[in-house]
Ligand SMILES: Nc1ncnc2c1ncn2[C@@H]1O[C@H](COP(=O)(O)OP(=O)(O)OP(=O)(O)O)[C@@H](O)[C@H]1O
Ligand SMILES: [Mg+2]
């Protein structure tokens, strides 16, 4: 069986084309305990496009990203990045987590956190020079946080912290950007600014994948949509995939229906 | 005290104390930030069965078998703590509690069953140390520092502690970036391909080496306090990791030097005739430094840290 995946241009790409995809996930199953929270998940992300991962709370979106990145060990499944095993392509990926796992009391100012995005290039002992400091400041300036470079990372608002982690991802000079709810807790102006940055990345040929909750902005921000709830529900161009019936399958329930009809 | 007396009686313990303090404080900084500072306490408890087994096996109380036994016991306990944490899915603090009380109890049991009362004294030595006994009779003047013959008579703890400190300082420098990233943001470190599990275990391994090395020279009171007090005090002085390390080294040296001097002369100044334990005084000084930074350190009020009311 060849499942068709509609692309932004309406072309149909067979799943075999996953060999060239920036991120292709096959049969991924992840569980924290007894029951899998991601089950037999398939996804193929289109190169040079912006894809939204959509699904209700607890659908396994964050888990999918973490397992795809090797942060969590999956029970089964295969993940390839630009046609190669992910473990050999890590330098092409930048990941912005969903405000989690970070020690907010850690003694590091904002500029150090963004500098961590350069560590892979610097290696163990590479000297940090003026170029690197400039790169850090320019990434901070892109997210409007250059005025906070010396602030300890915990002493920022949630939205400001989010912007710093986006700056760190920018510093990584990756080809594939994975963002887990980049707009959570961010004000409208910042959201627009982040969208602008992400669209710039896309026009430079980068691939952007973001978990997104605000259904009303999906068609405006994203080219493609991956709808999931434990497993894949629909995947493809936003225009064809982001439909009421698919959303109902993903969200279900009367409450969701109200929100969805307002969104679509 | 004249120069010669200082060099032969005070210089070696001050240097050994300082080296041990820094060697413990360096990994202590990262353990503190990882909320694993109590591992040093754990190590000091779990080495007991190692020491007893080493004694039973070799029948002697010489340094190397004892240190090897202590190190093996410590590594076993680290593996156990990690295994319990993974399999039981409980936090590392609880796993440490289980392992170190069990290992300590096992050590006491061994001690009783084998009736090895002759090493009882030595166990006490391991726990309280005897810094004052580390003297250098050949050190008669500053010129002795340049004489190979005199240097050969240095207490063996001094070169040993110096080498351990050197190794730990080099490892800290070499793996600075992986340590910093994985301590701050484990998930991000993994997306860079860093083996964070191995990094965490290696940190504990390095901490074990400093702890066991320092035990033998200065006793566990100094070990436990130097793992925790200088890094905690340093954290309240700065919001930069690099500066925190520098402060912790400074506090470790101040504790060792001031503690030793106060232990030797403090009671005399108070009109008492006996000196007090240097190890105890060094730990006390480090505690006082911690108290002072907790009251007046510029970075004592932080996100997630309940504010101390300031006077
Ligand atoms: N560390 C964990 N241990 C156990 N269960 C977990 C853990 N993290 C998530 N889960 C469970 O796995 C399921 C999927 O969680 P996940 O965080 O992937 O959802 P999500 O789609 O990102 O949700 P949200 O929209 O709320 O961020 C949820 O049912 C959650 O309760
Ligand atoms: Mg999530």
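The values are calculated or read from the model by the stated rules, or taken from the named source; none is laboratory data. A quick note: this is a predicted structure, and the numbers were derived from the prediction, not measured. As a convention, Cβ positions derive from the backbone with ideal geometry for all residues, glycine included, and neighbour counts pool all protein chains shown.
Here are the numbers:
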{"item": "Any hit, the stretch A:29-46, residues being away from every other protein chain (no Cβ under 14 Å), within 16 Å of ligand 2 (Cβ to nearest atom), at pLDDT below 95 and out of contact with any strand residue (DSSP E or B) (no Cβ under 9 Å at 6 or more places or on another chain)", "result": "no"}
{"item": "Condition broken by residue B:182, with the remaining ones in (1) more than 14 Å from every other protein chain (Cβ to nearest Cβ); (2) without any contact (Cβ under 8 Å) to a residue 60 or more places away in the chain; (3) surrounded by 22 or more Cβ atoms within 10 Å (Cβ to Cβ) satisfied", "result": "(1)"}
{"item": "Failed condition for residue B:276, given (1) part of a loop (DSSP other than H, G, I, E, B); (2) free of Cβ contacts under 8 Å to residues at least 60 places away in the same chain; (3) within 14 Å of another protein chain (Cβ to nearest Cβ)", "result": "(3)"}
{"item": "Tally, over the stretch A:78-107, of residues that are more than 9 Å from every other protein chain (Cβ to nearest Cβ) and assigned to a loop (DSSP other than H, G, I, E, B)", "result": "5"}
{"item": "First in the stretch A:162-180 and away from chain B (no Cβ under 11 Å), second anywhere and assigned to a loop (DSSP other than H, G, I, E, B) and within 16 Å of ligand 1 (Cβ to nearest atom), Cβ under 8 Å, 6 or more apart", "result": "A:162/A:99; A:162/A:182; A:162/A:184; A:162/A:185; A:162/A:186; A:163/A:186; A:166/A:182"}
{"item": "Cβ pairs under 7 Å, 6+ apart, first in the stretch A:54-69 and farther than 14 Å from residue A:98 by Cα, second near ligand 1 (Cβ under 6 Å from one of its atoms) and outside any loop (DSSP other than H, G, I, E, B)", "result": "A:55/A:61"}
{"item": "Flag if residue A:73 is more than 9 Å from ligand 1 (Cβ to nearest atom), within 14 Å of another protein chain (Cβ to nearest Cβ) and over 27 Å from residue A:240 (Cα atoms)", "result": "yes"}
{"item": "Which listed residue is outside any helix (DSSP H, G or I) and modelled with pLDDT under 90, from B:153, B:205", "result": "B:153"}
{"item": "Odd one out for residue A:213 among (1) more than 14 Å from chain B (Cβ to nearest Cβ); (2) closer than 27 Å to residue A:119 by Cβ; (3) within 16 Å of ligand 2 (Cβ to nearest atom)", "result": "(2)"}
{"item": "Qualifying residue in the stretch A:108-120 (condition: in a loop (DSSP other than H, G, I, E, B) and facing chain B (nearest Cβ under 10 Å))", "result": "yes"}
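Condition check ((1) modelled with pLDDT of 90 or more; (2) part of a loop (DSSP other than H, G, I, E, B); (3) closer than 22 Å to residue A:48 by Cβ; (4) within 16 Å of ligand 2 (Cβ to nearest atom)) across all residues:
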| position | (1), (2), (3), (4) |
| --- | --- |
| A:179 | yes, no, yes, yes |
| A:198 | yes, no, yes, no |
| A:205 | yes, yes, yes, no |
| A:220 | yes, no, yes, no |
